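The values are calculated or read from the model by the stated rules, or taken from the named source; none is laboratory data. Only a predicted model underlies this, so the values are computations on that prediction, with no experimental measurement involved. Cβ: placed from backbone, ideal geometry, glycine included. Neighbour counts: every protein chain shown.
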Amino acid sequence: MDYDAARVRARIAEQGLALPEPVSLESTHRHLEKLRARRIVIQPMDGTPTDKVCGLWFGLDHMDLILHARGASEVHRQQIILHEFAHMILRHEQEVIPHEYVSQFFPDLDPDRVVTALKRTDFLNEFEVTAELLADRLASRIRSARNSSGGQPGNFGTIFG
């Protein structure tokens, strides 16, 4: 694993994203929906088949769905979501998944509607490391935007003092 190359890929991907300022999780979410020309729904997970899953990205026939661990703190939740966004930004390919896997997460949904998913089998492979590095860069941008606005959304801190 070439960590320097992964850092470079993450930096180039972030720069190419051209996020509008101030950067927030919400503005990043909306920007990606526009770029991808499809809705991205983010929801907490209930009852995953394994306790090792903290985030998943499913490509449904009409939208993308990101699921995150319900018990995650707000900071952890944001990082999970940014990590899944990073896979989208980096154009990491999803896999076609078996109906049995779909039914574990969506017992009430027709399995044919879940087209693809990004599953992790190795947390130290090139895709996962690059996605996490990009998620870290995005999180840093969000923190910087919060700090410059005094923690207020929309830069209210600099407007109202």
> In the set Glu84, Glu33, Glu74, Glu26, which member is under 20 Å from Leu138 (Cβ atoms), among the acidic types (Asp, Glu), modelled with pLDDT of 85 or more and touching a Phe, Trp or Tyr at 6+ places or on another chain (Cβ under 7 Å)?
Replying inline: Glu84
>> Quick check on the range 104-147: of everything there that is hydroxyl-bearing (Ser, Thr, Tyr) and surrounded by 14 or more Cβ atoms within 10 Å (Cβ to Cβ), which residue is modelled with the lowest pLDDT?
In response: Thr116
>> What are the pairs with Cβ atoms under 6 angstrom where one residue, in the range 55-69, is over 11 Å from Ile42 (Cα atoms) and of a type in the set (D, E, K, R) and the other, located anywhere, is modelled with pLDDT under 85 and part of a strand (DSSP E or B)? Sequence gap at least six, or different chains.
In response: Asp61/Val115
>> Condition first: more than 15 Å from Phe85 (Cα to Cα) and of a type in the set (D, E, K, R). Now tell me which residues in the range 10-50 satisfy that.
In response: Glu21, Asp46
> How many residues, within the range 63-95, are surrounded by 14 or more Cβ atoms within 10 Å (Cβ to Cβ), charged (D, E, K, R) and either under 8 Å from the mean Cα position of the chain (by Cα) or within 19 Å of Ala10 (Cβ to Cβ) (or both)?
Replying inline: 1
>> Can you report the number of residues in the range 9-28 which are surrounded by fewer than 16 Cβ atoms within 10 Å (Cβ to Cβ) and touching a residue at least 12 places away in the same chain (Cβ under 8 Å)?
In response: 2
